[in-house]
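Everything on this sheet refers to the single structure shown next.
Where a number appears in this text, it was derived from the coordinates with a stated rule and is not lab data. If you're wondering where the values come from, they're calculated on a predicted model, not measured in any experiment. Note: ideal-geometry Cβ built from the backbone for every residue, glycine included; neighbour counts use all protein chains shown.
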Amino acid sequence: MALALRDYEVFRGDPEALPPAMLQCFQTLSPQPQVLRVAKLQEQIIGCYAMSMPSGGSSDYRLAMVSVVEEFRRNGVGRWLVGHAIGVAESRGGRELLASLPGPEAFFRGLGFAGGSGQFRFAMIPE
Ligand SMILES: CC(C)(COP(=O)(O)OP(=O)(O)OC[C@H]1O[C@@H](n2cnc3c(N)ncnc32)[C@H](O)[C@@H]1OP(=O)(O)O)[C@@H](O)C(=O)NCCC(=O)NCCS
């Protein structure tokens, strides 16, 4: 299904409203990320991301999860969600966004993340 940017919007998410597969993934995250945002196509959640804020002396923003419902993949929704996470982190003074996620590598590298093998890093202020 072809989607345009205006077809969906991003909202604060309630974990209990996530589709089962996303909820299951979200519930494995520990500690529970403070930021959960969902992309909605009308009333349907078609994607989400979760991000942890800096805590305990760490200055790291961490993308803990990004997921798009299978039938809506390859429409730019994942790219848009990660761009949103970068914007939220940057607006709060973050200097980089870490993603210890299994990939796909081409997705993260295409978004400007450095690294690989499940350890990606996006620098807000290029060195
Ligand atoms: C990874 C994921 C979030 C990408 O979401 P998406 O909405 O399909 O991604 P986009 O359409 O924004 O893709 C942007 C670009 O990333 C790359 N890309 C996306 N998925 C890819 C894949 N599976 N393999 C290789 N490259 C990929 C492509 O270059 C793509 O651009 P193109 O479609 O013009 O070729 C989605 O595939 C997903 O939910 N996967 C399952 C969960 C997962 O693995 N999450 C990552 C760790 S939590």
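Using θ = phi - 60° in the Karplus curve 6.51 cos²θ - 1.76 cosθ + 1.60, the 3J(HN,Hα) couplings for region 50-56 round to 10, 9, 8, 8, x, 7, x Hz; x is entered for Gly and Pro. Under the convention that each Lys and Arg Cβ holds +1 and each Asp and Glu Cβ holds -1, the size of the dipole of the chain around its Cα centre is about 200 debye. To the nearest ten degrees, helix 77-91 and the longest principal axis of the Cα atoms of the chain are 40 degrees apart.
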